[in-house]
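Heads up, the thing below is written out as structure tokens.
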Amino acid sequence: MLQALKPDVGMISPRTRARMVARLRGEGIGDGRVLGVMESVPRHLFVAEALASRAYEPVSLPIGYGQTISQPFIVARMLEALLEDGIPRRVLEVGTGSGYHTALLAALGVEVFSIERIEALHHAARELLGRMGVTRVALRLGDGSQGWPEKAEFDAIVFTAAVPCALPPLYPQLRRGGRLLMPEDLGEGQRLRLYRWDGREAFGDDLGDCFFVPLLAGTVTQRNQKGA
Ligand code: SAH
């Protein structure tokens, strides 16, 4: 049924997604829940039609406005890290982008609160997720670097843009035992880090190198955007 949303992308079949999942398994992704949703959510709908045939390749792809949809492996790795202690109930996502990561979280049964600073991407994600019938997702246009205090507490917070080390962490919006997952910009490269918050202190794990677009301040609206 979802395939019918873009009927002209004839080459893209569930088999293409199954191949992507087999590759992810070979790359060390072992969580069946993660592999299951990546097999069911049609990633090609989240990129422009001209790129749809490349949507399942192991690459990140442009989604316009200088932003990218992360490559499948890093998305899977992030989901796996978030799910280690069970599926979180409420997750704050900073950086909706195409809405792909949002859709995967929703497919896992998570209630997702997602913020995007670029109005055009926010609207496109809202439209697509609506058409796909994705529920239990609240999308907001704005600068997510301060989180979404009105909706706290969250079981997990995930940034899909690289966070400068100087950004004050959003622990006050996490429940005790919650997790903060983010690419940290160290000046020389980025590392994907997972912090567990015990209510007083955070304990971090390093999940390796990564490359994300930077977290930026402010909001880009249709009125103030230049040359997108
Ligand atoms: N998870 C997305 C990845 C998008 S890339 C996907 O699956 O497609 C990261 C996104 O973070 C971009 O869309 C960028 O505009 C957004 N972003 C960057 N800084 C932000 C901020 N301060 N607040 C909210 N969104 C931000």
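The values are calculated or read from the model by the stated rules, or taken from the named source; none is laboratory data. The structure displayed is predicted, hence computed values, not measured ones. FYI the Cβ positions are ideal-geometry reconstructions off the backbone, even for glycines, and counts take in every protein chain you see.
Quick notes on this structure:
- Residue count for the range 94-117, restricted to those that are assigned to a strand (DSSP E or B) and farther than 14 Å from Ile69 by Cα: 5.
- Within the range 182-210, the set of residues being surrounded by 17 or more Cβ atoms within 10 Å (Cβ to Cβ) and farther than 22 Å from Phe154 by Cα comprises Asp185, Gln190, Cys210.
- Note on the range 207-228: residues that are of a type outside the set (A, V, I, L, M), under 19 Å from the mean Cα position of the chain (by Cα) and assigned to a loop (DSSP other than H, G, I, E, B) total 3.
- Some residue of the range 172-180 being at pLDDT 95 or above, under 23 Å from Gly109 (Cα atoms) and outside any strand (DSSP E or B): yes
- Single residue of Val47, Val94 found to be under 12 Å from the mean Cα position of the chain (by Cα) and crowded, with 19+ Cβ neighbours inside 10 Å: Val94
- First in the range 44-68 and closer than 15 Å to Ile118 by Cβ and without any contact (Cβ under 8 Å) to a residue 24 or more places away in the chain, second anywhere and among the β-branched types (Val, Ile, Thr) and not in a loop (DSSP other than H, G, I, E, B), Cβ under 7 Å, 6 or more apart: Pro62/Thr68
- Residue satisfying condition, being within 11 Å of the ligand (Cβ to nearest atom) and among the aliphatic types (A, V, I, L, M), within set Ala76, Ala107, Ala103, Ala81: Ala103
- Only one of Gly199, Gly204 that is free of Cβ contacts under 8 Å to residues at least 60 places away in the same chain and outside any loop (DSSP other than H, G, I, E, B): Gly204
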